[in-house]
Amino acid sequence: MKDVTITDSILYVGVDDKTIDLFESQYEVPNGISYNSYVILDERVALMDTVDARGTAEWLVNLDKVLAGRSIDYLVVSHMEPDHAGNIKNLIDRYPKMQIVGNAKTFAMIPQFFDVDITDRSVIVKEGDTLSLGKHTLQFFMAPMVHWPEVMVAYEQSEKILFSADGFGKFGALDIDEAWTCEARRYYFNIVGKYGAQVQALLKKAAALDIQMICPLHGPILKEDLGYYIGKYDLWSKYEPEDEGVFIAYASIHGNTAKAAKKLAEMLEVKGAKRVAIADLARDDMAEAVEDAFRHDKLVVACSTYDGGLFPCMEDFLSHLKAKNFQKRTVALLENGSWAPMAAKKMREYLEGMKEITICEPVVTIKSAMKEDTLKVMEELAEKLV
Ligand code: FEO
């Protein structure tokens, strides 16, 4: 087990998963992912969530070591997604006297996932309720849609620790030494991005608490400079751009659209753009592209026309952005088509379905490959984007 220190009586029992191919069957996690789980040792023992079924064996070893023969009085279920709830039934069978703490929505979901009757072992909590363990007291706050409807967070009053469920989580195993922001941003926009208003509601509740430490369900325990992390969540959940700069996402079949996208990036750099990032949607990580679209204040979508519409990876990208509530950005269009360019029209239709999107003119239309006239339009566009 990775040695993660929290406090003398709050102990980490989670596991790292470095063998999963795709987290949630869609996200590449080159540095793995952690499934965090915590034990609070007091007069009564509470376990804060279980872990994914992929980590059961290691987690049970961790749990036994920390419990040192004690039983568990309460299992607090903050989120029913299987990466955290995968072992609920195991635990119910293992500790027959253990009570399960959740809200009304939690208890509607448990029987959907597991064949268990826990009617007389359920502790149903609602907004602001407390649970005393002895010296420690947990107070519960509902966080619906951050990122499932039953999600709740728990604030431990004596040590001022927020158990934040998926909030403030990141991709990456705990024994990997990497910066928080990049992988936390990719995690946030792809997993929680749609629910900015709900994250804002949770941040308002958190602002009323004196929080000294944040224990999320993925990624490192946050102990210092909490204002930095909370500030990032505030910015991201308001859909405000984090960096002034241009992100160019291209979908190219034979390379001519790619060449144009790269040429535009060069022009932007020459003209002094603060940041320029570029992604090949056919090959690069889609989740990273979604993250970069939210990170920058301007986006260029460059796409080949394909079967009278969009090359599929662009369609995929735009539908991801729409699903994640992409908004408040300036977007420029570059299309390619050898006989009937349609990509700009189709991309515009997608963008019109999003909030507060400003289309930056002129639209660049390439007929097969860049020529002098196209370069002129691209220069004009680059001028507008810096
Ligand atoms: Fe980490 Fe929404 O589960």
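The values are calculated or read from the model by the stated rules, or taken from the named source; none is laboratory data. Bear in mind that the values here come from a model prediction, so they are computed numbers and not experimental data. Cβ: placed from backbone, ideal geometry, glycine included. Neighbour counts: every protein chain shown. Note: accessible area is taken over every heavy atom of the protein model, side chains too, but ligands, DNA and RNA are not part of it. Shrake-Rupley method; radii C 1.70, N 1.55, O 1.52, S 1.80 Å.
Residues in the stretch 127-173 that are under 15 Å from M80 (Cβ atoms), part of a loop (DSSP other than H, G, I, E, B) and among the hydrophobic types (A, V, I, L, M, F, W, C) were compared, and the one that is nearest to the ligand (Cβ to nearest atom) is W148.
Count, please, the residues in the stretch 228-260 that happen to be within 26 Å of L310 (Cβ to Cβ) and under 28 Å from the mean Cα position of the chain (by Cα).
Our first condition is that a residue be within 26 Å of L310 (Cβ to Cβ); within the stretch 228-260, this holds for 239, 241, 245-260.
Subsequent filtering for residues that are under 28 Å from the mean Cα position of the chain (by Cα) retains 239, 241, 245-252.
Going through the stretch 228-260 one residue at a time, the tally reaches 10.
Taken over the stretch 256-266, residues that are touching a helix residue (DSSP H, G or I) at 6+ places or on another chain (Cβ under 6 Å) and either among the hydroxyl-bearing types (S, T, Y) or surrounded by fewer than 17 Cβ atoms within 10 Å (Cβ to Cβ) (or both) amount to 0.
Pairs meeting the criteria (first residue in the stretch 185-198 and part of a helix (DSSP H, G or I), second residue of a type in the set (D, E) and within 12 Å of the ligand (Cβ to nearest atom), beta carbons under 8 Å, at least 6 apart or on different chains) are I191/E24; I191/D166; V192/D166. For the stretch 362-379, filtering for residues that are without any contact (Cβ under 8 Å) to a residue 24 or more places away in the chain and open to solvent by less than 100 Å² (accessible area, probe 1.4 Å) leaves 2.
Among the residues of the stretch 46-53, is any closer than 19 Å to V153 by Cβ and charged (D, E, K, R)? I'd like the intermediate steps shown before the answer.
As a first pass, look at the stretch 46-53 and keep what is closer than 19 Å to V153 by Cβ: 46-51.
With charged (D, E, K, R) added as a condition, the list becomes 49.
The answer is yes; a qualifying residue exists.
Taking the conditions (1) on the phi > 0 side of the Ramachandran plot; (2) free of Cβ contacts under 8 Å to residues at least 12 places away in the same chain in turn, A208 satisfies each one other than (1). With the requirement that a residue be part of a loop (DSSP other than H, G, I, E, B) and surrounded by fewer than 17 Cβ atoms within 10 Å (Cβ to Cβ), what does the stretch 216-238 give you? Scanning the stretch 216-238 gives K223, E224, D225, K238.
Every condition in (1) closer than 20 Å to S252 by Cα; (2) surrounded by fewer than 16 Cβ atoms within 10 Å (Cβ to Cβ); (3) not hydroxyl-bearing (S, T, Y) holds for E383 except the one numbered (1). Among all positions in the stretch 239-255, there is no residue which is assigned to a helix (DSSP H, G or I), open to solvent by less than 60 Å² (accessible area, probe 1.4 Å) and not hydroxyl-bearing (S, T, Y). When T305 is tested against (1) touching a strand residue (DSSP E or B) at 6+ places or on another chain (Cβ under 8 Å); (2) closer than 18 Å to T358 by Cα, only condition (2) is not met.
Each row is one residue, and each column tells you yes or no for (1) within 16 Å of the ligand (Cβ to nearest atom); (2) open to solvent by less than 70 Å² (accessible area, probe 1.4 Å); (3) closer than 30 Å to S158 by Cβ; (4) not assigned by TED's automatic domain parsing to the domain that holds W180.
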position: D17; (1), (2), (3), (4): yes, yes, no, no
position: S25; (1), (2), (3), (4): yes, no, no, no
position: S34; (1), (2), (3), (4): yes, yes, yes, no
position: D42; (1), (2), (3), (4): no, yes, yes, no
position: G69; (1), (2), (3), (4): no, no, yes, no
position: L75; (1), (2), (3), (4): no, yes, yes, no
position: D93; (1), (2), (3), (4): no, no, no, no
